[in-house]
1. Taking every DSSP beta bridge that has both residues in the chain, what percent is antiparallel when rounded to the nearest 5?
2. Tell me, what is the FRET efficiency for Ala388 and Asp174 to the nearest 0.05, using R0 = 22 angstrom and their Cβ-Cβ distance as r?
3. Find the percent of Cα-Cα distances in segment 143-184 that exceed 12 Å, and round it to a whole number.
4. Provide the packing ranking of 448-458, 535-545, 335-345, i.e. peptides ordered by the mean count of other C-beta atoms within 10 Å per residue, highest first.
5. Can you give the FRET efficiency for Gln120 and Ala539, using 1/(1 + (r/R0)^6), R0 = 56 Å, r = Cβ-Cβ distance, to the nearest 0.05?
6. First select every other residue whose beta carbon is under 12 angstrom from the beta carbon of Gly375; then total the charges, Lys and Arg +1, Asp and Glu -1.
7. Placing +1 at every Lys and Arg Cβ and -1 at every Asp and Glu Cβ, with all other atoms neutral, what dipole size does segment 35-113 have around its Cα centre, in debye to the nearest 20?
8. What dipole magnitude, in Debye to the nearest 20, does segment 481-581 give about its Cα centre under +1 on Lys/Arg Cβ and -1 on Asp/Glu Cβ?
Amino acid sequence: MLPSKNNFGQRLSKLVEQIYPDLDRDILSSKIVDAFWPEGTKPRKRGRQPSNNLWTEKDALLITYGNSIVDGVHKPLDLLHDFLLRRMKGVVNGVHILPFFPFTSDDGFAVSDFRAVNPQLGDWPDINRIAGEFHLMSDLVLNHVSSQGAWFNAYRQGQSPYDRFFFEASPDDDLDMVVRPRTTPLLQKVETTHGVRHVWCTFSHDQIDLDFRNPEVLLEFLRIIRLHVDNGVQIVRLDAVAFLWKEIGSPSIHLPQTHAVVKLMRLLCDYAAETVILLTETNVPKAENLSYFGKRDEAHAIYNFPLPPLILHAMMSGSAAYLQRWQKGMPPAQLGCAYLNFTASHDGIGMRPAEGILPKEEQDKMIDVIKDIGGLVSMRALPGGGEAPYEINTTFYEATGRTFDGPDGYHFDRFICSQTIVMSLEGIPAFYIHSMLGTRNDHEQVARRGMNRAINRHNWDYPSLNAVLDDPTTAHARVLAALSDRLKIRAEQPAFHPNATQFTMSLRDDVFGVWRQSLDRHQSIFALHNVSAKTVELATDAMNLIDDEDWVDLLTGEAIDTSDGTITLAPYQCRWITNRT
């Protein structure tokens, strides 16, 4: 039975008609409900309304592969569980385990079986244990599947329904406008029982794009979401969702049908008995990325993709001018929506989101530094021909090792400053495991695997990792301790609620400052970050510190004397100055 027929049913029917105008919307709507709520489950009577109650200041995520930690003896998911309990409990309360399914390439993003856990990692009970202790995010890799998986094999053999699961095109079609994140040929020639076909491959020839014009593809992914939710997943990451719908003769990115599919999934999640948050992964310029909030009816959360290149530029240049300018132009997230803030992930530092923000000469300086420290650059194909930088490949810790002026003695402080900015901003902070651990670039993996992104995908030997983390003098232990301490402090501050008021302060180019105020207006925090190697003094009257309040720096415990008239920041020092402790 459909919940709130006059609301849910009408909204679902309208979306179905928008996506599949030539099909019977009532029949397809009924199939959609049955796919998401199979026998034994049922929707809420009323959908959740947009609110700020889906997250709090206590929320922070760790991003990791299921095998980022190994020992050659135990299941990697068991080791990850142990690491989370031993090192991350009370530091983060959520974990994004990157694709943990059987796969054939791209470190999990060429999925061969969406319903199984990769046996080299563990099994569903191992996932369930982690989900019982931490908010779990999983990947819905819905744009493509492995060329060696059961779905594509069935397609090649002409087996129904998979014979209509994949997007076909002709080399003679007009494909010049197609937006690509890679430089490989878009179409791949394959032999099938029905003859030669050319299938669409946005990312690689082992990742065959699905054809959502066939509603059976959508229904199958709704069943997969249900499987994830039933296994404890609370956050569903829609991987590469921007490319989901294709049309010959168009850019085949951000098409209206794509947004409608996200809206449909959001509608179902809002009526789910379980709390399910949709996160869209769209590594694109600002306006395109923001569009996935819709009108509070698409993604609950979106990645704040400009942050990684802008924060890195500030650290390298000693100036937060571009970061400040961009942040001032960023709207607060709509009610019921949030930004996911980060500097590093399993991928590289995307350069597309910096388009129109960082001038090309500034981007070139960053790339030169990255190359000097042994980092790499991946390119993308441009419509009509040519290439442009798509992403920088390096660990973020290594990337902060030097500035435009060369190496210095502030590497550790500069890196911690970069991560503290992520903690201070409106939104939910997320930290890649190799940032939490201060991991160096893994050149050996790049050479062995022939893939640029492998530089940032080190597999830690667990006994060795524990040894370096138990030694407080190692860089790895110092990084983890510093970030853990700050995250624990952050979790107790209502002014750091993901939707708390934010105002970007105009101070000076070498200081990035934001004012945060709690939803109940009881707490203010002035978050100050010196992005330079120089000691900086700020006038207290530039920050409107109220005279009759007692102000304290949460990071040092130091009382702030407003009568003194100045606040000093050492090189790369951060201060969280608040009126509530």
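1. Working: 48 of 77 bridges.
Within the chain, antiparallel bridges account for around 60 percent of the total.
2. Working: r = 22 Å, r/R0 = 0.99.
That pair, Ala388 with Asp174, gives E of 0.50.
3. Working: 590 of 861 pairs.
Roughly 69 percent, once rounded to a whole number.
4. The peptides rank, most packed first, as 335-345, 448-458, 535-545.
5. 0.45
6. Value of the local net charge: -1.
7. That gives a dipole near 660 debye.
8. 540
The values are calculated or read from the model by the stated rules, or taken from the named source; none is laboratory data. Everything numeric in this text was worked out from a predicted model, so none of it was measured. Please note: Cβ atoms are built from the backbone with ideal geometry, for glycine as well, and neighbour counts cover all protein chains shown. Surface accessibility is based on the protein's heavy atoms, side chains included, excluding ligands, DNA and RNA. Shrake-Rupley method; radii C 1.70, N 1.55, O 1.52, S 1.80 Å.
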